[in-house]
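Chemist: Pasting a structure below so you can have a look.
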Protein chains: 4
Amino acid sequence: MLKGYTVPLTPEGASQLTPPPPWHYSSDCIAIEYWADPAAVTALLPPGLVPDEADQGRAFFWFLDWQFTGENDELTDPARYQYREAFVLVEARLDGKPVNFCPYIFVDNDAALARGWVQGYPKKLGSVFQTRSFAAPSAAAAPVAAGSRFGASISAHGERLATARIQLEAKVDDPRTVFNRPTIIRRYFPQLSAGKQDQPAVNELTLSLMDDLTFTDVWAASAELSIPVVAGEDMHAIAPLRVGRGYRFGMAYSVTDLPILKNYLA
Amino acid sequence: MLKGYTVPLTPEGASQLTPPPPWHYSSDCIAIEYWADPAAVTALLPPGLVPDEADQGRAFFWFLDWQFTGENDELTDPARYQYREAFVLVEARLDGKPVNFCPYIFVDNDAALARGWVQGYPKKLGSVFQTRSFAAPSAAAAPVAAGSRFGASISAHGERLATARIQLEAKVDDPRTVFNRPTIIRRYFPQLSAGKQDQPAVNELTLSLMDDLTFTDVWAASAELSIPVVAGEDMHAIAPLRVGRGYRFGMAYSVTDLPILKNYLA
Amino acid sequence: MLKGYTVPLTPEGASQLTPPPPWHYSSDCIAIEYWADPAAVTALLPPGLVPDEADQGRAFFWFLDWQFTGENDELTDPARYQYREAFVLVEARLDGKPVNFCPYIFVDNDAALARGWVQGYPKKLGSVFQTRSFAAPSAAAAPVAAGSRFGASISAHGERLATARIQLEAKVDDPRTVFNRPTIIRRYFPQLSAGKQDQPAVNELTLSLMDDLTFTDVWAASAELSIPVVAGEDMHAIAPLRVGRGYRFGMAYSVTDLPILKNYLA
Amino acid sequence: MLKGYTVPLTPEGASQLTPPPPWHYSSDCIAIEYWADPAAVTALLPPGLVPDEADQGRAFFWFLDWQFTGENDELTDPARYQYREAFVLVEARLDGKPVNFCPYIFVDNDAALARGWVQGYPKKLGSVFQTRSFAAPSAAAAPVAAGSRFGASISAHGERLATARIQLEAKVDDPRTVFNRPTIIRRYFPQLSAGKQDQPAVNELTLSLMDDLTFTDVWAASAELSIPVVAGEDMHAIAPLRVGRGYRFGMAYSVTDLPILKNYLA
């Protein structure tokens, strides 16, 4: 009997890229609000999503240090399951409601890549860093406090794709005033058989369902963000025209389900 | 209009993990023939494949330095498209015919990971090395000649999964006496929606079709191979009980199609 | 005018591997007390250090997530300056006084490697991970609290050199009851000129002077530690015969000076 | 008795970063002739070197895939000893004679970093790639033949420092018409003791002595090269104002000695 939520399938099931849900996550996050060319944002939306006319071109660029665990203490195997991530969320409307859509996302770990593909996050590999806040007082500690400066960056294939810096200003009492849209993604898996290479086997609009979503210690900050032109990457098309507020916070949630909003193949 | 053979789908299509076929490959390869526990090999076979009773437990462990190109000179962007790979092929029968099946495979590049998933290769990330043969004469050159020694290794998450060493003995005139079985793989993509997490969205037995398959400069060698026990990996269940011949050679082929042999969902 | 505390020396001084002191550090640490073969520990001591007969073979294995800064906000460039480290400290005596000596140390960053060589830490590159404690509550968060489990590992060249796991039990009120010995290192730089290759250019016993050394949130833990046999590394000679207590804590200090205790060339 | 040509020094001597000389090397190389701002080149020269007035600002940017061995078959441990490198050589005069000087160099391996520091190469870590030439015919093979295109790149800390492309045109009969200058480097090791941090412990002008230097299969090519502005690196000061010929070839040599040309401390 072969076991595995993902490949490789084996009799023991230990080799699978990721254990099955539930998946539990906790993270430190830096997110930067910005505005891109509205036409470039619109051009990235999948069928069914329309531009959010209320605040055109608004987006958030996120950097995350993640810890993952399933049900077998995976958090104590950090070489295999701890990871870093960067992504952009652009604002849109689905059936009239405000949502985020994720067109670009990078991680540094294959288990995270596999979970992302299964959900609909279009993950590629990248090298992600963010300034951390350490408990032991020092000029190097970057405490979560007014005046602290944090940097963050994402690179892939040795090219810098985005760089950010923020300086903390004030605690945000109610994070839901900032982070309050559901995230929509597109689950997509191609075919390779001749004549079907333009017909994906899986093509669905999905909701990134986050159980027990928690934000902690949310601070607002002044912010800088750059998304340079890089050969072989299209992300610069939604480079910032204007940068808004930065945020630094903790976030946790669990994943146990994936609502399918549309099946494009039906 | 969104473009992309794989995600991410973008208006320009430059961000996709891999361009669409045709995919062209050339490689330097080290392969080691060995025999594992026949029961452990049988336990890895997907439905429809049966043990090859003719030579039970026979397998080959491969290490490959790959160069990839599509139709846009991708070989001149080696930071993005050059990669290294290691895999094991176990021998089996499909409808009475001798075939290979690939239960474990590792690469160091996300484009290669994506292409593998689309074909049915159960790729995970790893760090792969093999001694190379250089043209400039030196004690360090490892020429393709009798007596030359080559080493190879695959590691993932900082754990050594296999180590090999070979010493070249004699040229093989007809490589088809050694490499003559088609490779069968399992194309598999999970669902995450509640209640369907044990029902994959894609579950097919496929043939790894290799157009214009070419072997060059095939040398036979004495060989050593170890596959140690590693927590979180099942590959040691098919560790060598006996090691046969090693081989060092060049190999090239193209991919334009993927025959589906069985659809397990039908 | 060429500038640089280390190479490369340039007119602008931006390319230097590390800025000059002061160097400020803050870290999260996991340390495991253990006992190795006393003869193996003694065999690693440089001239002038003698075994500590009080508790023979006692050592600590450390894993550290570090943030570094100099005087130019280097902590906001984490891709360049944030790093991870693992090392072992063995106990010894110098002029009758209890000290630690560092025979093995690994980092994942070249600036840290360079600073280490300049001080006398015999740094090599490695890949280091430890479970982190995140603020947002989750099964993945690993809070600093009784019962939390942390893992840690160090690998180099794809070989696992040490793996540890701890489970927090109780806060330590006075960290100086645990960490109270100065660390002695050996500053060493070879010559390559023919006839002098066994005569280092620099060969000194030094004190790793830590200004404003601070420990925070020190917890004691039950602990496991393994240091397996790996080809090409000698560290397994001081593998644990017995494992004592584990500790998890924050640590910060600054470096501005390096006392030279002995010049072996004088 | 502690053993080691470099640290770590151990009773067995297996942990040392690099074995002692002789060091044997073979490589595949891509080198691009170019001209930088002569004042920027002059500003990088150490005391004793003067600009080469004959052809001001001339430099070569090199990319190398290296295989290393000492006397113990190190080439069969490629995970530890195979590496990639990129460097720039600027032209200068020493005592009236034409020489090259190496101001910037990057490698992806700690053994190579250590050997470089000991010689006087100011090595930092980087990620280096070049298109390889494979024996098995394919659109991906990049044979060493007229019309073949090769790419190469060097990145550090996720920033692209240089990118090159060449297209082979014609074989070079006598490589010494192209590569005929000795390479001069600066051996430099700092002090950290208070009051001496601007007085290096080792500060010498040295000759990179290459025994049995051999060039093979040298081809000339058309070439492109870019060295972009990157924060935290000064190399862009010698970015190309004009690009000349490209070259692709094999090179081998051994290192057994290091002539000291000047001791700046004497």
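Chemist: Can you name the strands (runs of 3 or more DSSP E) wholly within the stretch C:156-223 that have at least 2 residues being basic (Lys, Arg) and more than 30 Å from C:Lys262 (Cβ to Cβ)?
Modeler: C:159-171
Chemist: Given the conditions (1) modelled with pLDDT under 95; (2) closer than 30 Å to A:Tyr188 by Cα, report the number of the one that B:Ala231 does not fulfil.
Modeler: The failed condition is (2).
Chemist: Write out, first by first residue and then by second, each pair whose Cβ atoms fall under 8 Å of each other, whose residues are 6+ apart or on separate chains, and whose first residue, in the stretch A:167-193, is more than 22 Å from A:Leu45 (Cα to Cα) and at pLDDT 95 or above while the second is assigned to a strand (DSSP E or B) and of a type in the set (Asp, Glu).
Modeler: Matching pairs, first to second residue: A:Lys171/A:Asp217.
Chemist: So, one more: Take the conditions over 21 Å from C:Leu125 (Cα atoms), facing chain C (nearest Cβ under 8 Å) and not β-branched (Val, Ile, Thr) and apply them to D:Pro11. Does it pass?
Modeler: Answer is no for this residue.
Chemist: Does A:Pro11 satisfy the condition of being surrounded by fewer than 18 Cβ atoms within 10 Å (Cβ to Cβ) and under 19 Å from C:Ala136 (Cα atoms)?
Modeler: So A:Pro11 does not fit the description; no.
Chemist: Which of the residues belonging to the stretch C:53-70 are surrounded by 20 or more Cβ atoms within 10 Å (Cβ to Cβ) and more than 14 Å from chain A (Cβ to nearest Cβ)?
Modeler: C:Gly57, C:Arg58, C:Ala59, C:Phe60, C:Phe61, C:Trp62
Chemist: For the stretch D:240-266, what are the residues that are open to solvent by 60 Å² or more (accessible area, probe 1.4 Å) and either polar (S, T, N, Q) or in a strand (DSSP E or B) (or both)?
Modeler: Scanning the stretch D:240-266 gives D:Arg242, D:Arg245, D:Ile260, D:Leu261, D:Lys262, D:Asn263.
Chemist: Another question, if that's okay. Of the residues that make up the stretch B:201-213, is at least one within 30 Å of D:Phe249 (Cα to Cα) and modelled with pLDDT of 95 or more?
Modeler: yes
Chemist: Looking for whichever is among the hydrophobic types (A, V, I, L, M, F, W, C), over 16 Å from A:Pro78 (Cβ atoms), buried (at least 21 other Cβ atoms within 10 Å of the Cβ) and modelled with pLDDT of 95 or more here; the options are C:Val107, C:Val128. Which one fits?
Modeler: Within the list C:Val107, C:Val128, the selection yields C:Val107.
Chemist: Additional query: Look through the stretch A:27-52, keep the residues that are without any contact (Cβ under 8 Å) to a residue 60 or more places away in the chain and out of contact with any Lys or Arg (no Cβ under 8 Å at 6 or more places or on another chain), and return whichever of them is least open to solvent (accessible area, probe 1.4 Å).
Modeler: Selected residue: A:Leu45.
Chemist: Next question, about the same structure. Working only within the stretch A:78-94, note down all residues that are more than 25 Å from A:Tyr247 (Cβ to Cβ) and touching a residue at least 12 places away in the same chain (Cβ under 8 Å).
Modeler: Passing the criteria: A:Arg80, A:Tyr81.
Chemist: For B:Arg93, all conditions in the list (1) touching a Ser or Thr at 6+ places or on another chain (Cβ under 8 Å); (2) farther than 22 Å from D:Ser127 by Cβ hold save one; what is the number of the exception?
Modeler: (1)
Residue-wise test of (1) of a type in the set (D, E, K, R); (2) within 12 Å of chain A (Cβ to nearest Cβ).
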| position | (1), (2) |
| --- | --- |
| D:Arg115 | yes, no |
| D:Gly120 | no, no |
| D:Gln130 | no, no |
| D:Pro137 | no, no |
| D:Val144 | no, no |
| D:Gly147 | no, no |
| D:Ser155 | no, yes |
| D:Thr163 | no, yes |
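Chemist: Looking at the stretch A:57-77, I want the residues that are within 14 Å of A:Ala112 (Cβ to Cβ) and free of Cβ contacts under 8 Å to residues at least 12 places away in the same chain and have a partner that is of a type in the set (A, V, I, L, M, F, W, C) and open to solvent by less than 10 Å² (accessible area, probe 1.4 Å) with Cβ atoms under 9 Å, at least 6 apart or on another chain. Which pairs are those?
Modeler: A:Leu75/A:Phe68; A:Leu75/C:Ala140; A:Leu75/C:Ala141; A:Leu75/C:Ala142; A:Leu75/C:Phe150
Chemist: Restricting attention to strands (runs of 3 or more DSSP E) lying wholly within the stretch B:1-90, give those where 2 or more residues are farther than 30 Å from A:Pro11 by Cα.
Modeler: B:23-35, B:58-69
Chemist: Which is under 30 Å from D:Pro21 (Cα atoms), within 8 Å of another protein chain (Cβ to nearest Cβ) and touching a helix residue (DSSP H, G or I) at 6+ places or on another chain (Cβ under 8 Å), of C:Phe189, C:Phe215?
Modeler: C:Phe189
Chemist: Do we find a residue being open to solvent by 20 Å² or more (accessible area, probe 1.4 Å), under 19 Å from the mean Cα position of the chain (by Cα) and among the β-branched types (Val, Ile, Thr) anywhere in the stretch A:230-239?
Modeler: no
Chemist: Additional query: Out of everything in the stretch D:141-155 that is small (Gly, Ala, Ser) and assigned to a strand (DSSP E or B), what residue ends up being farthest from B:Asp212 (Cα to Cα)?
Modeler: Here the answer is D:Ser155.
Chemist: Any residue in the stretch A:245-252 that is among the basic types (Lys, Arg) and touching an Asp or Glu at 6+ places or on another chain (Cβ under 6 Å)?
Modeler: yes
Okay, residues lined up against (1) touching a strand residue (DSSP E or B) at 6+ places or on another chain (Cβ under 6 Å); (2) among the small types (Gly, Ala, Ser):
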residue: D:Gly4; (1), (2): no, yes
residue: D:Val7; (1), (2): yes, no
residue: D:Gln16; (1), (2): no, no
residue: D:Pro22; (1), (2): yes, no
residue: D:Ile32; (1), (2): yes, no
residue: D:Pro38; (1), (2): no, no
residue: D:Val41; (1), (2): yes, no
residue: D:Pro47; (1), (2): no, no
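Chemist: When the stretch C:3-61 is examined, which residues are found to be of a type in the set (Gly, Ala, Ser) and over 20 Å from the mean Cα position of the chain (by Cα)?
Modeler: C:Gly4, C:Gly13, C:Ala14, C:Ser15, C:Ala39, C:Gly48, C:Ala54
Chemist: Which residues, taken from the stretch B:93-131, are part of a helix (DSSP H, G or I) and of a type outside the set (Asp, Glu)?
Modeler: B:Ala111, B:Ala112, B:Leu113, B:Ala114, B:Arg115, B:Gly116, B:Trp117, B:Val118, B:Gln119 - these are the residues of the stretch B:93-131 that are part of a helix (DSSP H, G or I) and of a type outside the set (Asp, Glu).
Chemist: Quick check on the stretch A:133-154. Is at least one of its residues open to solvent by 30 Å² or more (accessible area, probe 1.4 Å), closer than 15 Å to A:Ala86 by Cα, within 20 Å of the chain's Cα centre (by Cα) and not acidic (Asp, Glu)?
Modeler: no
The values are calculated or read from the model by the stated rules, or taken from the named source; none is laboratory data. Treat the numbers as computed from the prediction; the structure is a model and nothing was measured. Positions of Cβ are generated from backbone atoms using ideal geometry, with glycine treated the same way; all protein chains shown enter the neighbour counts. Quick note on the areas: whole protein, heavy atoms, side chains included, nothing else; ligands and nucleic acids left out. Shrake-Rupley method; radii C 1.70, N 1.55, O 1.52, S 1.80 Å.
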